[in-house]
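A.B. asks: Right, I'll just put the structure down here and ask away after.
Taken together, the values in this text are just the output of simple stated rules run on the coordinates, not laboratory data. Bear in mind that the values here come from a model prediction, so they are computed numbers and not experimental data. Every residue, glycine as well, gets a Cβ built from its backbone with ideal geometry; the counts of neighbours run over all protein chains shown.
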Amino acid sequence: MNPRGATAHPASEVRRGRAHADGAPARPLEVYVVEDNVIVLESLVAALEELAPVHVLGTAADESVAVDWLRSGARCDLVIVDIFLRTGSGLGVLAAARQKRPEAALVVLSNYATEEMRARCLASGADRVFDKSRDIDQLVAYCIALSTREPGEQQH
């Protein structure tokens, strides 16, 4: 972990050689995860890197660290955001990500995916909202689908 609270995983951890159902090789997604619960974060990163062509670039536990990273200019295909963070809010991260990273897909992964919260997230720039307790398979499928798009292609 660096002094700013973001963790970068080395490129050697990327699972390579996966293919999609049509036989096309998967392009690893560059993903940034904003989640304040360490246990959830570690489980999510492990599951995504095992089940989908995903490379987690780094993580943040609060809004300010995430927003600073979004300003860095590093390539990113997908930002996964929890709503309730150590400090700040995932809604602030979504707004900053939509402004700073218009090319990136933005998803919310939350335990509070009520209809009202889904509407707020979508209004704040999220492309999709997933419930942590029941939608992990859908998130994995979404990541696999995103990996099949061409670089620069909008498929949110």
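A.B. asks: What order, most packed first, do the peptides 51-58, 116-123 have when packing is the mean number of other Cβ atoms within 10 Å of each residue? Let's see the in-between values first.
C.D. replies: Details: 51-58: 22.2, 116-123: 15.2.
Put in order of decreasing packing, that is 51-58, 116-123.
A.B. asks: Let a ≥ b ≥ c be the square roots of the eigenvalues of the Cα gyration tensor of the stretch 30-134; is it rounded (a/c under 1.5), or, if not, prolate (a/b larger than b/c) or oblate?
C.D. replies: Numbers: a/c = 1.32, a/b = 1.03, b/c = 1.28.
Taking the square roots of the gyration eigenvalues as a ≥ b ≥ c, the stretch 30-134 is rounded.
A.B. asks: Here's a follow-up. Taking a ≥ b ≥ c as the square roots of the eigenvalues of the Cα gyration tensor of the stretch 74-156, is the shape rounded (a/c under 1.5), prolate (a/b larger than b/c) or oblate?
C.D. replies: On the way: a/c = 1.93, a/b = 1.25, b/c = 1.55.
In terms of gyration-tensor shape, oblate.
A.B. asks: Hey, can you rank 128-134, 61-67 by average C-beta count inside 10 Å, highest first?
C.D. replies: Numbers: 128-134: 16.7, 61-67: 21.3.
Answer by packing, highest mean first, reads 61-67, 128-134.
A.B. asks: Quick one: net charge of Asn37's neighbours, Cβ under 14 Å, K/R +1, D/E -1? Can you show the working numbers first?
C.D. replies: Working: positive: Arg86, Lys132; negative: Glu35, Asp36, Glu42, Asp62, Asp82.
Residues close to Asn37 contribute a combined charge of -3.
A.B. asks: Follow-up question, since we're still on this one. Can you list residues whose amide H is under 5 Å from Leu29's amide H, if they're 5+ apart or on another chain and H is modeled 1.01 Å from N?
C.D. replies: Excluding prolines and chain starts, which carry no amide H, the hits are Val54, His55.
A.B. asks: Here's a follow-up. Mind running the shape call on the stretch 26-72? Use the C-alpha gyration tensor, a ≥ b ≥ c as the square roots of the eigenvalues: rounded below 1.5 for a/c, prolate if a/b tops b/c, oblate otherwise.
C.D. replies: Working: a/c = 4.39, a/b = 1.34, b/c = 3.28.
Oblate is the answer for the stretch 26-72, as a/c is 1.5 or above yet b/c matches or exceeds a/b.
A.B. asks: Turning to a different aspect of this structure: Between Val129 and residues 5 or more places away or on another chain, which pairs have amide H atoms under 5 Å apart, with H built 1.01 Å from N, and which residues are they?
C.D. replies: The answer is Val108.
A.B. asks: Return the distance in nm (one decimal) between the two label points of a simple spin-label model at Ser133 and Arg75, each offset 7 Å from Cα along Cα→Cβ.
C.D. replies: Distance between the two pseudo-spin positions: 3.9 nm.
A.B. asks: Which ³J(HN,Hα) values in Hz, rounded to whole numbers, follow from the phi angles of the stretch 36-49 under the Karplus curve 6.51 cos²θ - 1.76 cosθ + 1.60, where θ = phi - 60° and Gly and Pro get x?
C.D. replies: Result, ordered by residue: 8, 8, 4, 5, 4, 4, 4, 5, 5, 4, 4, 5, 5, 5 Hz.
A.B. asks: Can you pull the one-decimal nm distance between simple spin-label points at Glu115 and Glu50, each 7 Å off the Cα toward Cβ?
C.D. replies: 3.6 nm
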